[in-house]
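**Student:** Structure incoming, see below.
The values are calculated or read from the model by the stated rules, or taken from the named source; none is laboratory data. Note that the coordinates shown come from a computational prediction; the quantities given were computed from them, not determined experimentally. No Cβ is skipped: glycine too gets one built from the backbone with ideal geometry, and neighbour counts run over all protein chains shown.
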2 protein chains.
Amino acid sequence: MTAAATPKVGGIAPPPPPFRDVARLSLNQMTTDRLSLRDVLDACARHGIPSVGIWRHKIAETGLDTAVGLVRDAGMKVSSVCRGGMFPAATRQEREQRITDNLRAIDEAAALGAPVLVLVCGPSPDRDIDAARRMVEEGIGRIVTHAAERHVMLGIEPLHPAFAAERSCITTLREARLLAEKFDARTVGVVADVYHIWWDADVHEEIARCAGRLAGFHVSDWLVPCKDVLMNRGMMGDGVIELRRLRESAERAGWDGPIEVEIFNETVWKTPIDVLLPLMKERFLACV
Amino acid sequence: MTAAATPKVGGIAPPPPPFRDVARLSLNQMTTDRLSLRDVLDACARHGIPSVGIWRHKIAETGLDTAVGLVRDAGMKVSSVCRGGMFPAATRQEREQRITDNLRAIDEAAALGAPVLVLVCGPSPDRDIDAARRMVEEGIGRIVTHAAERHVMLGIEPLHPAFAAERSCITTLREARLLAEKFDARTVGVVADVYHIWWDADVHEEIARCAGRLAGFHVSDWLVPCKDVLMNRGMMGDGVIELRRLRESAERAGWDGPIEVEIFNETVWKTPIDVLLPLMKERFLACV
């Protein structure tokens, strides 16, 4: 297996050229889960990485105002805030609390200048997964006006079906797109993370159908063998995903925004950041 | 969460009644992985379970002729043989070996009187998963005539997308059905295992589309939390799957054949069979 997959585009179009620089690279903060926001921003500045995806538990560590100041002082772009969502719950009161939290997440994204709030929609509180899906739709309906007013796009991220019982009842790009299409395209879109969608026989056709709705594109790799599916992500090129072909499909669908690297992996987390970021840049150029 | 999920059928049809007996229950041998074929057949006879799904590594342990004699002497029906498939490989020579092995698997199923050979189609040998899918189609094309001659139906089993890199490039019921539809419906069908397909937003509509193509229906449950996705199956009622609703969808699609219980789970494997089988029967009646 070679480091970069051979792209195939209906047998005729040439493969997309590799990136020549890292202008579109964004470090999703989950890739450096052990570090503070300040340390991540400093490291990105040192290594010429122009943008970051910020997680809310890291914002909570510093406080929002400090986080906003750190980002501004670093001259860094924020590609997204992770995560809103988690709409389904057993009681109306709990669901209302989730709505309140999502409104706060939109405010945080707006304050940080992030164009997108990533939605991890949440699992079902019981066996009725279709009811949970209706709660997700209802929840998005409750926050969409606030998102539009704050100029924050809601990016529905379908998670891998292995997470259906614990993290997201929305499991495919198709399902996320059909849900997004119930709302204004300027406010509700879809985040395509290759780790979650690569296995889908329709993935390239589905990315094409997401044209005008893409709100994010995340990369990592699927390692083999897989034991713990949550922590099974690897650095681009270390797994089985046809990254360049998927990137090309996203570009054909109009995606010209940042490409976030999001890796949940203990080994990656233990790697010193001044080793990790050069490797990440190298693999971004070679494999994505 | 109650033991049995509430069925929902377009808001009008009544829920399907529970089974009154275990006439349609079949023990897939993987549920009792530590036991020999002889011990499994003896236990099923003791507990009034009328049929078994037999795995080929267990046939290999006894030899085919002995296995055939054991099944005949026990008066047991064989609902399926697991498994053929594993078609994709890096070289033509390897792929030919897989074909030869599949032809042998068909002969074993025929000798045991099994109406179905379950196909676990296999992973891609490299990053090109679409090429692997073409190898699967080619492989089925190579064995379908032999299967028809031996009166063994080939049942394409889509595996959960978590197994896409290591066990099957065919990951959804839709994908399996579209593949099956390239062949004669009398010889190539689809095996629906709830563990692999429950998360799919279209699962009930897809089961309906499989009418005339269903070659098997397997039950277990999806446990929470999930760590190792291979060994995460549980006894029916212990997890989050809406089993009765899925069984109803299968029946509406015409499935009136055996329902195999297939559980990969260390705790289940360690349970004495005279404890396990009564529990399995109880849960089959209560939850399926």
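**Student:** Name the single residue, out of those in the range A:146-174 being part of a helix (DSSP H, G or I) and touching a residue at least 24 places away in the same chain (Cβ under 8 Å), that is nearest to the other protein chains (Cβ to nearest Cβ).
**Tutor:** A:ALA162
**Student:** Further question: Please tell me if B:ARG244 is within 29 Å of B:ALA211 (Cβ to Cβ), touching a Cys at 6+ places or on another chain (Cβ under 9 Å) and within 14 Å of chain A (Cβ to nearest Cβ).
**Tutor:** yes
**Student:** Could you tell me which numbered condition A:VAL203 fails, if it satisfies all but one of (1) within 14 Å of chain B (Cβ to nearest Cβ); (2) farther than 27 Å from A:GLY122 by Cβ; (3) buried (at least 20 other Cβ atoms within 10 Å of the Cβ)?
**Tutor:** (2)
**Student:** Among the residues of the range A:221-239, what is the count of those that are in contact with a Ser or Thr (Cβ under 8 Å, 6 or more places away or on another chain), within 14 Å of chain B (Cβ to nearest Cβ) and touching a residue at least 40 places away in the same chain (Cβ under 8 Å)?
**Tutor:** Going through the range A:221-239 one residue at a time, the tally reaches 1.
**Student:** Among the residues of the range A:176-196, is any surrounded by 17 or more Cβ atoms within 10 Å (Cβ to Cβ), part of a helix (DSSP H, G or I), within 14 Å of chain B (Cβ to nearest Cβ) and among the acidic types (Asp, Glu)?
**Tutor:** No, every residue in the range A:176-196 fails to be surrounded by 17 or more Cβ atoms within 10 Å (Cβ to Cβ), part of a helix (DSSP H, G or I), within 14 Å of chain B (Cβ to nearest Cβ) and among the acidic types (Asp, Glu).
**Student:** Here is a follow-up. Could you list, in sequence order, all residues of the range A:122-145 that are without any contact (Cβ under 8 Å) to a residue 12 or more places away in the chain, of a type in the set (Asp, Glu) and either in contact with a His (Cβ under 6 Å, 6 or more places away or on another chain) or more than 9 Å from chain B (Cβ to nearest Cβ) (or both)?
**Tutor:** Passing the criteria: none in range.
**Student:** Could you tell me which of the residues A:ALA60, A:ALA89, A:ALA23, A:ALA110 is touching a helix residue (DSSP H, G or I) at 6+ places or on another chain (Cβ under 6 Å) and free of Cβ contacts under 8 Å to residues at least 60 places away in the same chain?
**Tutor:** None of the other options fit; the residue is A:ALA89.
**Student:** Quick check on my filter: what residues within the range A:1-35 are within 20 Å of A:HIS218 (Cα to Cα) and modelled with pLDDT under 65?
**Tutor:** Across the range A:1-35, the qualifying residues are A:ALA3, A:ALA4, A:ALA5, A:THR6, A:PRO7.
**Student:** Would you be able to say whether some residue in the range B:109-117 is under 12 Å from B:LEU154 (Cα atoms), assigned to a strand (DSSP E or B), at pLDDT 95 or above and more than 12 Å from chain A (Cβ to nearest Cβ)?
**Tutor:** Looking for residues that are under 12 Å from B:LEU154 (Cα atoms), assigned to a strand (DSSP E or B), at pLDDT 95 or above and more than 12 Å from chain A (Cβ to nearest Cβ), one finds at least one in the range B:109-117, hence yes.
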